[in-house]
C-alpha cells in the first residue's frame, strides 16, 4: 500500500467517524437536552392536557439528575464509538467497545447514586415531604446491559482473532 492509498483509507475512516460522531451527538445529546428543556419550560403540560406539578418537573431535572446523566452518557458513548470507528478492523476497536460497555455500566451506577433518588414534595398542607425512591433493580438492569455489551464485544474480539489466525495459517 503506497502513501496515497493509505491517505485515502485514513480519510475514509475519519469521515465515517465524523459522521457517526455527529449522529450520536444529535441523538444522544442534543435531542435529550432539548426534550429536558421542553419539560422544564412547561411544554409538557400542553401535551398532556393539564398542569404538570412543579414537583414532578423538579424531580425529573434535579432528583434524577437527568442533565448530568445525559451529558456523561453522551460523552462516553460518542468517545468510545468514534474511537472504535477510527480503528475499525483492528483489535483496538474491540478494546474501545469493551471499554464503552464498562464505562456505561459505571455511569449508570454512579450518576444515579446506585438507584436511590431523593426529592422533596410540597404537600397540600404546606409541609414539605421528603420522598426517597429505591430504583436499584432498574439501575442494576441498566448496568447489566453495559456488562452484556462488554461480553458481546469480547466474544467478537475472540472471533476476529480466530479468523485472523486462520488466515495466517492458510498463507
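So how many residues does the stretch 104-158 have that are in a loop (DSSP other than H, G, I, E, B) and touching a helix residue (DSSP H, G or I) at 6+ places or on another chain (Cβ under 9 Å)? Reasoning before the result, please.
Here is the first cut: in the stretch 104-158, the ones in a loop (DSSP other than H, G, I, E, B) are 112, 123-127, 135.
Remaining after also requiring touching a helix residue (DSSP H, G or I) at 6+ places or on another chain (Cβ under 9 Å): 112, 135.
Of the residues in that region, 2 qualify.
Do we have any residue at all in the stretch 145-161 that's closer than 16 Å to residue 73 by Cβ and without any contact (Cβ under 8 Å) to a residue 40 or more places away in the chain? The answer is no, given that none of the residues of the stretch 145-161 is closer than 16 Å to residue 73 by Cβ and without any contact (Cβ under 8 Å) to a residue 40 or more places away in the chain.
Condition check: at pLDDT 85 or above, crowded, with 18+ Cβ neighbours inside 10 Å, more than 17 Å from residue 139 (Cα to Cα) and touching a helix residue (DSSP H, G or I) at 6+ places or on another chain (Cβ under 6 Å). Does residue 82 satisfy that? Yes; evaluated as a whole, the condition is true for this residue.
The condition (being more than 28 Å from residue 105 (Cα to Cα) and at pLDDT 95 or above) is satisfied by just one residue among 15, 10: 15. Residue check: is residue 59 modelled with pLDDT under 95 and surrounded by 13 or more Cβ atoms within 10 Å (Cβ to Cβ)? For residue 59, the condition - modelled with pLDDT under 95 and surrounded by 13 or more Cβ atoms within 10 Å (Cβ to Cβ) - is met.
From 137, 167, which residue is out of contact with any strand residue (DSSP E or B) (no Cβ under 9 Å at 6 or more places or on another chain), surrounded by fewer than 10 Cβ atoms within 10 Å (Cβ to Cβ) and closer than 19 Å to residue 105 by Cβ? From the options 137, 167, the qualifying one is 137. I'd like to know if the stretch 117-133 contains one or more residues that are under 16 Å from the mean Cα position of the chain (by Cα) and either within 23 Å of residue 97 (Cα to Cα) or surrounded by 14 or more Cβ atoms within 10 Å (Cβ to Cβ) (or both). No, every residue in the stretch 117-133 fails to be under 16 Å from the mean Cα position of the chain (by Cα) and either within 23 Å of residue 97 (Cα to Cα) or surrounded by 14 or more Cβ atoms within 10 Å (Cβ to Cβ) (or both).
The values are calculated or read from the model by the stated rules, or taken from the named source; none is laboratory data. Quick caveat: nothing in here was measured; it's all calculated off a predicted structure. When we count neighbours, we look across all protein chains shown, and the Cβ atoms used for this are built from the backbone with ideal geometry, even at glycine.
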